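Colleague: Sharing a structure below in structure tokens format, with a few things to ask.
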Amino acid sequence: MAPGSPRSFPVALALAALFLALAAAPAFALKVTTWNLLAYDQTTCVGRQPHFRTVMAAMNPDVVIAQELNSAAGKDSFLVNVLNVVQPGEWTGTWLALGTEGGAIFWKPAKVNVQNITSVATGGPRPALVGLVKPVGYLKNPGWFRLYSIHFKAGTADTATRHMECSNLRTTLNNQVTTVVGTNFLLGGDTNFYGDWESGYQRLTESQADNDGRCLDLYSMPGTWNQFAYRTVHTQCPCLSGCGPNFSGGGMDDRFDMILQSTSLRDGAGLDLIPTGYKAFGNDGQHYNDNIDGGGFNTAVPLSVATALRNAADHIPVVLELQLPAKTSAPHAFALGDAIVGATHALPLTVANSGPTPADTLRYTLTAPAGFGAPAGNFKAASGVAGNAHSISLVTSTTGVKAGTLTVNSNDPDTLAKSVALSGRVLAHAAPSLDSAAVLTAQSLDLGQYPAVGFPDGEVRVHNKGWGALQARLSVASANITGGAGRFSIPGGFTPALLSGTGQTWPVRFDAVGATAESTYTATLTFGTADEALPGATALSNLTVSLQARVSAAGVEVGGGALRFMPPRPNPARGVTEMAFELPTELAVDLAVYDLGGRRLATLASGRMSAGQHSVRWDAGLADGRKTAAGLYFVRFTAGGLTKVSRLVLLP
């Protein structure tokens with residue numbers, strides 16, 4: 001221990017204030033610890049293991065670099081009897097022989113993966129141990145760091161040796177930062193430095209022509225460190241006197257142990273030091289030149305932990321907490337669904353920062369593809385919160401299937417440009433019609449002339465004209481009948497329908513019981529229609545059907561005729577087929593051919609026709625001159641309340 005007397009420095013008050021800030025345990029993303037375990041091996045340290053366990057349970061680090069761990073068996077002992085007792089199954093580690101002693105790095109695989117563990121010659125008695133630390137979930141260099149474990153030559157007379165070690169190590173750092181694995185590194189361990197005047201300390205921290213390997217110290221501490229003003233950062237010795245074997249004793253009065261940082265870990269962005277998380281663990285600043293639990297108290301840790309620190313080793317650990325880089329959380333795909341042309345349609349897409357709290361703030365912008373819209377500007381998202389909901393809109397000026405990639409450009413080192421696949425469809429309005437071949441919004445339905453009993457039901461069919469994949473479905477929401485003395489109705493009541501390409505038929509009934517003979521009853525059936533319930537939906541044209549029924553005193557006889565329909569013949573047919581029907585009186589007739597989907601292919605007769613026998617021939621021709629393909633079709637005849645449907649097979 002170097003002699004020293006308490007002196008006042010301008011930094012004393014600042015250090016005292018910093019100590020008060022450190023007293024609270026901050027949240028952290030990753031905690032790194034260095035600890036000189038004092039000649040730890042598997043046989044002589046059994047009695048100290050309970051003390052190590054108490055400290056480790058209180059400290060709860062994620063990565064530990066250990067000096068004076070003198071054998072692989074000692075590493076196994078510390079792993080089995082300390083770390084994995086405190087946190088069973090959570091730890092692994094690697095040991096290396098380092099000159100006159102050994103060193104190890106331990107880590108929690110659930111938090112980090114440590115690779116490329118090797119040693120680096122310093123020219124001194126003990127090489128440095130180095131490993132590449134990759135926090136779980138971070139795939140690229142900006143989220144990783146190299147961790148060096150050092151133990152420089154001890155003694156007040158060995159400053160020249162420490163200078164040589166640090167000069168060689170600084171050269172290694174300068175070279176490795178640019179040629180190996182990136183700029184982030186931590187250098188920690190037992191330095192045996194006595195003050196900032198040591199040329200080895202200066203070599204590590206000085207500005208050089210090549211500053212890639214420059215180390216930064218969070219504390220500015222001019223002069224010799226063995227003094228009262230610097231009491232909050234001392235790491236040796238937690239025991240004043242009467243200590244165990246190999247303990248140096250003398251109480252808390254030297255700062256030998258530290259963790260220095262690369263400049264990239266002090267730039268306030270990405271992977272970075274949490275200043276309030278850097279401390280000499282258990283040092284409450286109130287035990288200068290005393291036991292760390294002297295007086296039966298310690299305000300930094302529970303007294304039991306302070307006592308364990310006094311008995312475990314002649315150094316206390318130094319801990320450093322890191323914030324990890326931001327991570328972009330957004331869906332890989334985002335579907336806006338369907339909207340109708342002209343609609344205003346947007347849905348919220350959430351972008352969050354999924355980095356472990358307190359990760360760096362996520363900073364990002366949004367770039368939307370053609371066919372979509374996204375808010376402009378610069379956005380921020382802290383870790384540990386729900387994130388930001390952004391209104392992503394679908395451009396609905398034209399119909400079509402919309403697809404593209406939204407880009408979230410951010411400071412997430414693994415995903416500088418995250419892609420979100422956007423999709424949506426813009427549909428045309430539905431087209432209500434009483435006919436499948438043309439838009440027809442009004443027509444007549446004549447139920448014929450019959451006695452007060454015997455009126456057959458008629459029917460009305462509603463279509464969504466021209467429906468396809470890019471047209472909204474038709475909502476037939478209501479059906480109201482006015483007039484007709486209340487005698488017209490839809491049997492069983494009206495059931496709303498949502499129509500795509502297949503039409504819907506509703507029966508219409510006339511109740512002639514008690515009706516006045518030789519009277520004509522008329523009414524209007526109105527269907528209320530609209531687009532299906534999508535953004536941009538609107539009410540559409542009403543469909544109106546003029547209903548008529550004539551009540552006769554006796555049966556209908558016109559020239560001895562009757563209302564009949566004869567199915568097509570020949571059937572199956574090749575080329576031409578013929579349909580015949582007979583009308584008892586002049587009636588409105590509709591004779592048409594439909595396909596299996598209910599689409600009208602050809603109209604063979606339409607309008608009012610005279611009483612008598614009629615015949616219609618069809619050569620399978622369509623309105624545009626093409627011929628109908630072979631297959632199964634339906635012929636539908638409607639007149640005077642009579643509806644007949646016959647199957648028709650056309651042969652090749």
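Colleague: Return the residues of segment 168-194 that are modelled with pLDDT under 75 and either in a loop (DSSP other than H, G, I, E, B) or out of contact with any helix residue (DSSP H, G or I) (no Cβ under 8 Å at 6 or more places or on another chain) (or both); say none if nothing qualifies. Walk me through how you get there before you give the answer.
Modeller: From segment 168-194, those modelled with pLDDT under 75 are 177-182; that's our starting set.
Result: Val177, Thr178, Thr179, Val180, Gly182.
Colleague: Name the one entry in Gly483, Gly503, Gly514 that is assigned by TED's automatic domain parsing to the domain that holds Phe455, in contact with a Ser or Thr (Cβ under 9 Å, 6 or more places away or on another chain) and surrounded by fewer than 20 Cβ atoms within 10 Å (Cβ to Cβ). Before you say what the answer is, go through the steps one by one.
Modeller: Details: Gly503 fails: surrounded by fewer than 20 Cβ atoms within 10 Å (Cβ to Cβ); Gly514 fails: in contact with a Ser or Thr (Cβ under 9 Å, 6 or more places away or on another chain).
One residue alone meets the criteria, Gly483.
Colleague: Run Gly249 past the list (1) closer than 30 Å to Leu204 by Cβ; (2) surrounded by fewer than 21 Cβ atoms within 10 Å (Cβ to Cβ); (3) within 27 Å of the chain's Cα centre (by Cα) and report the number of the one that doesn't hold.
Modeller: (3)
Colleague: Let me ask another. Take residues that are without any contact (Cβ under 8 Å) to a residue 12 or more places away in the chain and on the phi > 0 side of the Ramachandran plot and tell me which of the strands (runs of 3 or more DSSP E) falling wholly in segment 314-368 contain 3 or more.
Modeller: On the way: elements: 318-323, 333-340, 345-353, 362-367.
In segment 314-368, there are no strands (runs of 3 or more DSSP E) which contain 3 or more residues that are without any contact (Cβ under 8 Å) to a residue 12 or more places away in the chain and on the phi > 0 side of the Ramachandran plot.
Colleague: Now for a different question. State yes or no: is Asp446 surrounded by 20 or more Cβ atoms within 10 Å (Cβ to Cβ) and under 24 Å from the mean Cα position of the chain (by Cα)? Even if it seems obvious, please write down each step before you answer.
Modeller: Numbers: surrounded by 20 or more Cβ atoms within 10 Å (Cβ to Cβ): yes; under 24 Å from the mean Cα position of the chain (by Cα): no.
So Asp446 fails the test.
Colleague: Just to be sure I understand, how many residues within segment 126-167 are hydroxyl-bearing (Ser, Thr, Tyr), touching a helix residue (DSSP H, G or I) at 6+ places or on another chain (Cβ under 8 Å) and crowded, with 17+ Cβ neighbours inside 10 Å?
Modeller: We begin by selecting, within segment 126-167, every residue hydroxyl-bearing (Ser, Thr, Tyr); these are 138, 148-149, 156, 159, 161, 167.
Filter again for touching a helix residue (DSSP H, G or I) at 6+ places or on another chain (Cβ under 8 Å), leaving 148, 159, 167.
Then drop every residue that is not crowded, with 17+ Cβ neighbours inside 10 Å, which leaves 148, 159.
The number of residues fulfilling the criteria is 2.
Colleague: So, in segment 264-284, exactly how many residues are touching a strand residue (DSSP E or B) at 6+ places or on another chain (Cβ under 9 Å) and either under 29 Å from Cys243 (Cα atoms) or not assigned by TED's automatic domain parsing to the domain that holds Ala57 (or both)?
Modeller: 5
Colleague: Of Leu69, Leu37, which residue is touching a helix residue (DSSP H, G or I) at 6+ places or on another chain (Cβ under 8 Å), assigned by TED's automatic domain parsing to the domain that holds Val318, at pLDDT below 95 and aliphatic (A, V, I, L, M)? Before you say what the answer is, go through the steps one by one.
Modeller: Values: Leu37 fails: at pLDDT below 95.
From the options Leu69, Leu37, the qualifying one is Leu69.
Colleague: Please work out if Ala333 is among the aliphatic types (A, V, I, L, M) and under 44 Å from the mean Cα position of the chain (by Cα). If you could, list the steps in order and put the result at the bottom.
Modeller: Numbers: among the aliphatic types (A, V, I, L, M): yes; under 44 Å from the mean Cα position of the chain (by Cα): yes.
Against the criterion (among the aliphatic types (A, V, I, L, M) and under 44 Å from the mean Cα position of the chain (by Cα)), Ala333 qualifies.
Residue-wise test of (1) part of a strand (DSSP E or B); (2) among the polar types (S, T, N, Q); (3) at positive phi; (4) touching a Gly at 6+ places or on another chain (Cβ under 7 Å).
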{"site": "Leu440", "(1), (2), (3), (4)": "no, no, no, no"}
{"site": "Ser478", "(1), (2), (3), (4)": "yes, yes, no, yes"}
{"site": "Ile481", "(1), (2), (3), (4)": "yes, no, no, no"}
{"site": "Thr502", "(1), (2), (3), (4)": "no, yes, no, yes"}
{"site": "Ala512", "(1), (2), (3), (4)": "no, no, no, no"}
{"site": "Ala523", "(1), (2), (3), (4)": "yes, no, no, yes"}
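Colleague: Continuing with the same structure: For segment 315-324, indicate whether the set of residues that are farther than 26 Å from Leu265 by Cβ and either of a type in the set (Asp, Glu) or surrounded by fewer than 24 Cβ atoms within 10 Å (Cβ to Cβ) (or both) is non-empty.
Modeller: no
Colleague: Of the residues Leu260, Leu218, only one is touching a helix residue (DSSP H, G or I) at 6+ places or on another chain (Cβ under 7 Å) and in a strand (DSSP E or B); which?
Modeller: On the way: Leu218 fails: in a strand (DSSP E or B).
Every option except Leu260 fails the conditions.
Colleague: Output the residue which, of all residues in segment 618-652 that are at pLDDT below 85, more than 55 Å from the chain's Cα centre (by Cα) and aliphatic (A, V, I, L, M), is surrounded by the fewest Cβ atoms within 10 Å (Cβ to Cβ).
Modeller: Among them, the one singled out is Val645.
Colleague: I've got another one for you. In the set Gly93, Gly74, Gly103, which member is assigned by TED's automatic domain parsing to the domain that holds Ala280 and surrounded by fewer than 22 Cβ atoms within 10 Å (Cβ to Cβ)?
Modeller: Numbers: Gly74 fails: surrounded by fewer than 22 Cβ atoms within 10 Å (Cβ to Cβ); Gly103 fails: surrounded by fewer than 22 Cβ atoms within 10 Å (Cβ to Cβ).
The unique qualifying residue is Gly93.
Colleague: Now a separate question. Do the conditions hold for Val593, that is, is it β-branched (Val, Ile, Thr), surrounded by fewer than 18 Cβ atoms within 10 Å (Cβ to Cβ) and over 22 Å from Leu447 (Cβ atoms)? Talk me through it step by step, then tell me what you get.
Modeller: Numbers: β-branched (Val, Ile, Thr): yes; surrounded by fewer than 18 Cβ atoms within 10 Å (Cβ to Cβ): no; over 22 Å from Leu447 (Cβ atoms): yes.
It is false that Val593 is β-branched (Val, Ile, Thr), surrounded by fewer than 18 Cβ atoms within 10 Å (Cβ to Cβ) and over 22 Å from Leu447 (Cβ atoms).
Colleague: State all residues of segment 33-64 that are in contact with a Phe, Trp or Tyr (Cβ under 8 Å, 6 or more places away or on another chain), of a type in the set (A, V, I, L, M) and assigned to a strand (DSSP E or B); if no residue qualifies, say none.
Modeller: Leu37, Leu38, Val63, Val64
Colleague: So if I check each of Gly377, Gly282, which one is in contact with a Pro (Cβ under 9 Å, 6 or more places away or on another chain), part of a loop (DSSP other than H, G, I, E, B) and at positive phi?
Modeller: Numbers: Gly377 fails: in contact with a Pro (Cβ under 9 Å, 6 or more places away or on another chain).
Residue meeting the stated conditions: Gly282.
Colleague: Determine whether segment 77-88 contains at least one residue that is of a type in the set (A, V, I, L, M, F, W, C), modelled with pLDDT under 95 and either out of contact with any Phe, Trp or Tyr (no Cβ under 6 Å at 6 or more places or on another chain) or assigned to a strand (DSSP E or B) (or both).
Modeller: So in segment 77-88, the residues of a type in the set (A, V, I, L, M, F, W, C) come out as 78-80, 82-83, 85-86.
Subset that is modelled with pLDDT under 95: none.
Checked segment 77-88: no residue is of a type in the set (A, V, I, L, M, F, W, C), modelled with pLDDT under 95 and either out of contact with any Phe, Trp or Tyr (no Cβ under 6 Å at 6 or more places or on another chain) or assigned to a strand (DSSP E or B) (or both).
Colleague: Follow-up question, since we're still on this one. Going by the structure shown, is Glu557 modelled with pLDDT of 90 or more and over 20 Å from Ala438 (Cα atoms)?
Modeller: On the way: modelled with pLDDT of 90 or more: no; over 20 Å from Ala438 (Cα atoms): yes.
Against the criterion (modelled with pLDDT of 90 or more and over 20 Å from Ala438 (Cα atoms)), Glu557 does not qualify.
Colleague: Can you tell me which condition Gly123 does not meet? The list is (1) surrounded by fewer than 18 Cβ atoms within 10 Å (Cβ to Cβ); (2) in a strand (DSSP E or B), and all the others hold.
Modeller: (2)
Colleague: Here's another thing I want to ask about it. Please verify whether Thr577 is within 20 Å of Asp446 (Cβ to Cβ), touching a residue at least 12 places away in the same chain (Cβ under 8 Å) and buried (at least 16 other Cβ atoms within 10 Å of the Cβ), treating the condition exactly as stated. Don't jump to the end; show me each part of the working.
Modeller: Values: within 20 Å of Asp446 (Cβ to Cβ): no; touching a residue at least 12 places away in the same chain (Cβ under 8 Å): yes; buried (at least 16 other Cβ atoms within 10 Å of the Cβ): yes.
Considered against the rule, which asks whether it is within 20 Å of Asp446 (Cβ to Cβ), touching a residue at least 12 places away in the same chain (Cβ under 8 Å) and buried (at least 16 other Cβ atoms within 10 Å of the Cβ), Thr577 comes out as no.
Colleague: Look through Cys243, Cys239 and report the one residue that is part of a loop (DSSP other than H, G, I, E, B), modelled with pLDDT of 95 or more and either in the same structural domain as Ala308 (by TED's automatic domain parsing) or touching a helix residue (DSSP H, G or I) at 6+ places or on another chain (Cβ under 9 Å) (or both). Walk me through it before giving the result.
Modeller: Values: Cys243 fails: modelled with pLDDT of 95 or more.
Exactly one of Cys243, Cys239 is part of a loop (DSSP other than H, G, I, E, B), modelled with pLDDT of 95 or more and either in the same structural domain as Ala308 (by TED's automatic domain parsing) or touching a helix residue (DSSP H, G or I) at 6+ places or on another chain (Cβ under 9 Å) (or both), namely Cys239.
Colleague: Report whether or not Arg231 is in a helix (DSSP H, G or I) and under 25 Å from Leu187 (Cβ atoms).
Modeller: Working: in a helix (DSSP H, G or I): yes; under 25 Å from Leu187 (Cβ atoms): yes.
Taking the combined requirement at face value, the residue satisfies it.
The values are calculated or read from the model by the stated rules, or taken from the named source; none is laboratory data. All of these numbers come straight from a predicted model, not from anything done at the bench. As a convention, Cβ positions derive from the backbone with ideal geometry for all residues, glycine included, and neighbour counts pool all protein chains shown.
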